[in-house]
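Enquirer: Can you read through this structure? Questions will come right after.
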C-alpha cells in the first residue's frame, strides 16, 4: 500500500470523511473540509434536535450564561437556563419537549455551540449539529454529496475550559452514528473506529448510555429522562445547519 505524502500529520488528508475530538481536533480539520458536523449528545445537540422538532427557532450562543441574556433580548428570544436552574427552558432536553411552536430560544453552550462557531470562523461551508436522534439522517444526507466532511465529538473538560479534554463516550457513539452511513472507503481510520464503536452499541444504546459515566451522572442527579431523550436513536430526520446565527433544518421540516 502506498502511504500518501502529507504536508501535515494531523489533518487526516486523503480521506473525504474524517473524525476528531474537541476544539483542538476541530482546529486541525475544519480548515480542510467543506462540512463540519459537531456532536454534543449530553446535551447541546440533542436539545437542538428536540427544539427544531417542536418548530422552534434555535439560536446557539458560544458561551455560558454570561452575555446570553443580553443577546436573547437583542433578538427577541427566551434564553435557556442551565439544567439545574428552574427556568422554563433549559439545557435539559426534557424541558424542551413541550416547547410551543414558534418559540425563539437562545441555547448557551461553551462546548458544543463554541465548536460550531469555531468551525464557521475556520471557513467551513456548512456547520451541522448532530446527535444520536438524528445522526443517521445527517449521515445519509451528506453521504451521497460531493463534499468533504469532518465529524467532531465535543467531549468535555475535566475542569474549566483550559483543562484537558475528557473523551466522552456518548459523543463517540453519536459521531459514529453519523459516520456509519458513509462508505467505509471514504472514512479515515479514525472515522472508521467511531463508526464501528456505534455499530457495537446501536442495538443496546438506551442501556449503554444510561450506564456510561456521563449518563450515570445525569441519572444520579435526577435527569434520567434526559438520557432517555438523548438515546432515542433514529427518531428524527432533521439536518440542523447553522445559518446567520440560527439553525435551519435542511430537510425543510423544522
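The values are calculated or read from the model by the stated rules, or taken from the named source; none is laboratory data. Note that the structure is a prediction, hence the values are computed from the model and not measured. Backbone-built Cβ (ideal geometry, glycine too); neighbour counts: all protein chains shown.
Enquirer: Which members of region 174-195 meet the condition of being out of contact with any strand residue (DSSP E or B) (no Cβ under 6 Å at 6 or more places or on another chain) and under 16 Å from residue 209 (Cα atoms)?
Expert: Residues satisfying the conditions are 176, 177.
Enquirer: Which number in (1) out of contact with any strand residue (DSSP E or B) (no Cβ under 8 Å at 6 or more places or on another chain); (2) at pLDDT 95 or above; (3) in a loop (DSSP other than H, G, I, E, B) marks the one condition that residue 161 misses?
Expert: (2)
Enquirer: Please determine whether any residue of region 79-101 is closer than 25 Å to residue 206 by Cβ, crowded, with 23+ Cβ neighbours inside 10 Å, in contact (Cβ under 8 Å) with a residue 60 or more places away in the chain and in contact with a helix residue (DSSP H, G or I) (Cβ under 6 Å, 6 or more places away or on another chain).
Expert: Yes: region 79-101 contains one or more residues that are closer than 25 Å to residue 206 by Cβ, crowded, with 23+ Cβ neighbours inside 10 Å, in contact (Cβ under 8 Å) with a residue 60 or more places away in the chain and in contact with a helix residue (DSSP H, G or I) (Cβ under 6 Å, 6 or more places away or on another chain).
Enquirer: Moving on to the next point. Mind checking whether some residue in region 182-195 is modelled with pLDDT of 95 or more and closer than 15 Å to residue 133 by Cβ? I'd like the intermediate steps shown before the answer.
Expert: Initially, region 182-195 is screened for residues modelled with pLDDT of 95 or more, giving 182-195.
Checking which are closer than 15 Å to residue 133 by Cβ leaves us with none.
Taking every residue of region 182-195 in turn, none turns out to be modelled with pLDDT of 95 or more and closer than 15 Å to residue 133 by Cβ.
Enquirer: Let me ask another. Looking at region 55-74, which of the residues that are in a loop (DSSP other than H, G, I, E, B) and without any contact (Cβ under 8 Å) to a residue 40 or more places away in the chain is surrounded by the fewest Cβ atoms within 10 Å (Cβ to Cβ)? Working first, answer last.
Expert: Within region 55-74, the first condition is being in a loop (DSSP other than H, G, I, E, B), and the residues that meet it are 55-56, 62-67.
Narrowing the set further to residues that are without any contact (Cβ under 8 Å) to a residue 40 or more places away in the chain leaves 66-67.
Values: 66: 10, 67: 12.
Going through the qualifying residues, I end up with 66.
Enquirer: Sticking with this structure for a sec: If I ask for residues that are free of Cβ contacts under 8 Å to residues at least 60 places away in the same chain and buried (at least 24 other Cβ atoms within 10 Å of the Cβ), which ones from region 110-126 would you list?
Expert: None; the set is empty.
Enquirer: Based on what the data block shows, is residue 29 buried (at least 21 other Cβ atoms within 10 Å of the Cβ), part of a loop (DSSP other than H, G, I, E, B), within 17 Å of the chain's Cα centre (by Cα) and modelled with pLDDT of 95 or more?
Expert: Numbers: buried (at least 21 other Cβ atoms within 10 Å of the Cβ): yes; part of a loop (DSSP other than H, G, I, E, B): no; within 17 Å of the chain's Cα centre (by Cα): yes; modelled with pLDDT of 95 or more: yes.
Spelling it out, it is not the case that residue 29 is buried (at least 21 other Cβ atoms within 10 Å of the Cβ), part of a loop (DSSP other than H, G, I, E, B), within 17 Å of the chain's Cα centre (by Cα) and modelled with pLDDT of 95 or more.
Enquirer: Which of (1) in contact (Cβ under 8 Å) with a residue 60 or more places away in the chain; (2) assigned to a loop (DSSP other than H, G, I, E, B) is the odd one out, the single condition residue 146 does not satisfy?
Expert: With respect to (1) in contact (Cβ under 8 Å) with a residue 60 or more places away in the chain; (2) assigned to a loop (DSSP other than H, G, I, E, B), residue 146 is out only on (1).
Enquirer: Still on this structure: Filter region 167-199 down to residues that are in a helix (DSSP H, G or I) and within 28 Å of residue 146 (Cα to Cα), then give me how many there are. Give the derivation first.
Expert: We begin by selecting, within region 167-199, every residue in a helix (DSSP H, G or I); these are 169-179, 184-186, 189-199.
Keeping just the survivors that are within 28 Å of residue 146 (Cα to Cα) gives 171-179, 184-186, 189-199.
Residues that pass the stated criteria total 23.
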